[in-house]
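**Student:** Pasting in a structure now, in structure tokens, and then I'll have a few things to ask.
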Amino acid sequence: MRGLLTLKSLSTQEIMDIINLAIRFKNGLTVNFSGKKMVNLFYENSTRTQYSFQIAMLNLGIAPLSFNLATSSVIKGETLYDTVRTFESLGVDGIVIRHTQDVYYRELETIKVPIFNGGDGTSDHPTQTLLDLMTIYEEFGKFQGLKICLVGDVLHSRVAHGNAEVMKRLGMEVYISGPEIFADQTGPYLPIDEAVATCDIINLLRVQFERHEKEMNITKEEYHRQWGLTVERVAAMKKGAIIMHPAPINRGVEIASEVAECVSSRIYKQMENGVYVRMAVITMALEGKL
């Protein structure tokens, strides 16, 4: 099985090769895979990941196929393997999958076409990590010694878990903050006000109130007061520090609305970089380099 399933199996040099290729695409490199076709299989809702993969395909001359979960045979009980095997048999050249199950791809080891992990359970989201790394690299020109704090629902975040593993290997110092009920062993815990004063990157995570409101026993307004990136906290940030968020953002919860697009925010730059990163991983996979 080829493609990109997790960054844990890649060396730091291979990760840098992807980032550098993404930067080349951003600077105008063109590659054409006319005649190729790929499909997005999303078992969870998505805007940025699903459509940036689709735009990446279009930019590369690849025909993207749509998949509607609600009208597919999955509703009749078809397994993930059988759905993927079907598209392989139909002749697609690659498959992007987002699934609620952690490491779902272990069931797909016999599949020969490249598979791209668009997010698995609470485990990993490799292209999100890559676009975050690209954004940081563009900003600072390095990773070694940078301090990043992941703020919010770390426990249930595939973004946090995927980012932390790679960032540590690249020499970054990874900390966490937010409600302590959602803290885990991803990194040492910092109070939010200490984090904004000392870290180079504040990486906010979406608060999943739709899943954990009762468990948190707190209003959105109170969350914002205790752990949100307020205007006052932005004013106290370390000079040159940046704000990141995988989105969708909850304005007025983990981030003040007026902060989301402030001078320190790189949230929309992350989204832009997502297209180039996904162009890079698709290109490397179709060329047999992933």
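**Student:** Can we say VAL174 is in a strand (DSSP E or B), modelled with pLDDT of 95 or more, more than 28 Å from ALA63 (Cα to Cα) and in the same structural domain as HIS224 (by TED's automatic domain parsing)? So that I can check it myself, show each step before the final result.
**Tutor:** Values: in a strand (DSSP E or B): yes; modelled with pLDDT of 95 or more: yes; more than 28 Å from ALA63 (Cα to Cα): yes; in the same structural domain as HIS224 (by TED's automatic domain parsing): yes.
Answer is yes for this residue.
**Student:** Further question on the same structure: Could you please give the count of residues in region 260-277 that are more than 17 Å from ALA247 (Cα to Cα) and either within 15 Å of the chain's Cα centre (by Cα) or in a helix (DSSP H, G or I) (or both)?
**Tutor:** Result for region 260-277: 1.
**Student:** Suppose we keep only residues that are surrounded by 15 or more Cβ atoms within 10 Å (Cβ to Cβ) and modelled with pLDDT under 95 within region 66-83. Which one would you say is farthest from ASN273 (Cα to Cα)? Walk me through how you get there before you give the answer.
**Tutor:** Going residue by residue through region 66-83, those that are surrounded by 15 or more Cβ atoms within 10 Å (Cβ to Cβ) are 67, 74, 80, 83.
Subset that is modelled with pLDDT under 95: 67, 74.
Working: PHE67: 24, VAL74: 32 Å.
Here the residue is VAL74.
**Student:** As an exercise: evaluate TYR105 against (1) assigned to a helix (DSSP H, G or I); (2) assigned by TED's automatic domain parsing to the domain that holds GLY171; (3) of a type in the set (Phe, Trp, Tyr) and give the number of the one condition it does not meet.
**Tutor:** TYR105 satisfies every listed condition except (2).
**Student:** If I filter region 31-52 for residues that are of a type in the set (Gly, Ala, Ser), modelled with pLDDT of 95 or more and in a loop (DSSP other than H, G, I, E, B), do I get at least one hit? Can you show your working first?
**Tutor:** Taking region 31-52 first, the residues of a type in the set (Gly, Ala, Ser) are 34-35, 46, 52.
Restricting the remaining residues to those that are modelled with pLDDT of 95 or more gives 34-35, 52.
Narrowing further to those that are in a loop (DSSP other than H, G, I, E, B): 34-35.
Looking for residues that are of a type in the set (Gly, Ala, Ser), modelled with pLDDT of 95 or more and in a loop (DSSP other than H, G, I, E, B), one finds at least one in region 31-52, hence yes.
**Student:** From the list LEU80, LEU41, LEU65, exactly one residue is more than 30 Å from LEU170 (Cα to Cα) and either in contact with a His (Cβ under 7 Å, 6 or more places away or on another chain) or assigned by TED's automatic domain parsing to the domain that holds PRO246 (or both). Which is it? It would help to see each step written out before you state the result.
**Tutor:** Details: LEU41 fails: either in contact with a His (Cβ under 7 Å, 6 or more places away or on another chain) or assigned by TED's automatic domain parsing to the domain that holds PRO246 (or both); LEU65 fails: either in contact with a His (Cβ under 7 Å, 6 or more places away or on another chain) or assigned by TED's automatic domain parsing to the domain that holds PRO246 (or both).
Exactly one of LEU80, LEU41, LEU65 is more than 30 Å from LEU170 (Cα to Cα) and either in contact with a His (Cβ under 7 Å, 6 or more places away or on another chain) or assigned by TED's automatic domain parsing to the domain that holds PRO246 (or both), namely LEU80.
**Student:** Return yes when ILE55 is touching a helix residue (DSSP H, G or I) at 6+ places or on another chain (Cβ under 7 Å), surrounded by fewer than 19 Cβ atoms within 10 Å (Cβ to Cβ) and part of a helix (DSSP H, G or I) and no when it is not.
**Tutor:** Values: touching a helix residue (DSSP H, G or I) at 6+ places or on another chain (Cβ under 7 Å): yes; surrounded by fewer than 19 Cβ atoms within 10 Å (Cβ to Cβ): yes; part of a helix (DSSP H, G or I): yes.
Yes; evaluated as a whole, the condition is true for this residue.
**Student:** Just for region 84-103: of the residues that are loosely packed, with under 11 Cβ neighbours inside 10 Å and small (Gly, Ala, Ser), which one is nearest to PHE33 (Cα to Cα)? So that I can check it myself, show each step before the final result.
**Tutor:** As a first pass, look at region 84-103 and keep what is loosely packed, with under 11 Cβ neighbours inside 10 Å: 89-91.
Add one more test, that the residue is small (Gly, Ala, Ser), and what stays is 89, 91.
On the way: SER89: 20, GLY91: 15 Å.
Looking at residues that are loosely packed, with under 11 Cβ neighbours inside 10 Å and small (Gly, Ala, Ser), I get GLY91.
**Student:** On to the next question. Looking only at region 41-100, count how many residues are closer than 20 Å to THR122 by Cα and among the charged types (D, E, K, R).
**Tutor:** Number satisfying all stated conditions: 3.
**Student:** When the residues of region 196-240 are narrowed to those that are in a loop (DSSP other than H, G, I, E, B) and within 22 Å of the chain's Cα centre (by Cα), which ends up modelled with the lowest pLDDT?
**Tutor:** By that ranking, first place goes to GLN208.
**Student:** How many of the residues in region 176-210 are touching a residue at least 40 places away in the same chain (Cβ under 8 Å), among the polar types (S, T, N, Q) and touching a Leu at 6+ places or on another chain (Cβ under 9 Å)? Before the answer, list the steps.
**Tutor:** Of all residues in region 176-210, those touching a residue at least 40 places away in the same chain (Cβ under 8 Å) come to 177-179, 190, 192-193, 195-209.
Among the residues that remain, those that are also among the polar types (S, T, N, Q) are: 177, 198, 203, 208.
If we keep only those that are touching a Leu at 6+ places or on another chain (Cβ under 9 Å) too, we end up with 177, 198, 203.
Number of matching residues: 3.
**Student:** Of these, ASP132, ASP193, which one is among the charged types (D, E, K, R) and within 16 Å of the chain's Cα centre (by Cα)?
**Tutor:** ASP132
**Student:** Is it the case that THR83 is within 14 Å of ASN40 (Cβ to Cβ), among the hydroxyl-bearing types (Ser, Thr, Tyr) and assigned to a helix (DSSP H, G or I)?
**Tutor:** Against the criterion (within 14 Å of ASN40 (Cβ to Cβ), among the hydroxyl-bearing types (Ser, Thr, Tyr) and assigned to a helix (DSSP H, G or I)), THR83 qualifies.
**Student:** Is there a residue in region 149-163 that is touching a Leu at 6+ places or on another chain (Cβ under 6 Å), in contact (Cβ under 8 Å) with a residue 24 or more places away in the chain and of a type in the set (D, E, K, R)?
**Tutor:** yes
**Student:** Please work out which residue is surrounded by the fewest Cβ atoms within 10 Å (Cβ to Cβ), limiting yourself to region 1-29 and to residues that are among the charged types (D, E, K, R) and modelled with pLDDT of 95 or more.
**Tutor:** Checked region 1-29; the qualifying residue surrounded by the fewest Cβ atoms within 10 Å (Cβ to Cβ) is GLU14.
The values are calculated or read from the model by the stated rules, or taken from the named source; none is laboratory data. These figures come from a predicted structure and were not determined experimentally. As a convention, Cβ positions derive from the backbone with ideal geometry for all residues, glycine included, and neighbour counts pool all protein chains shown.
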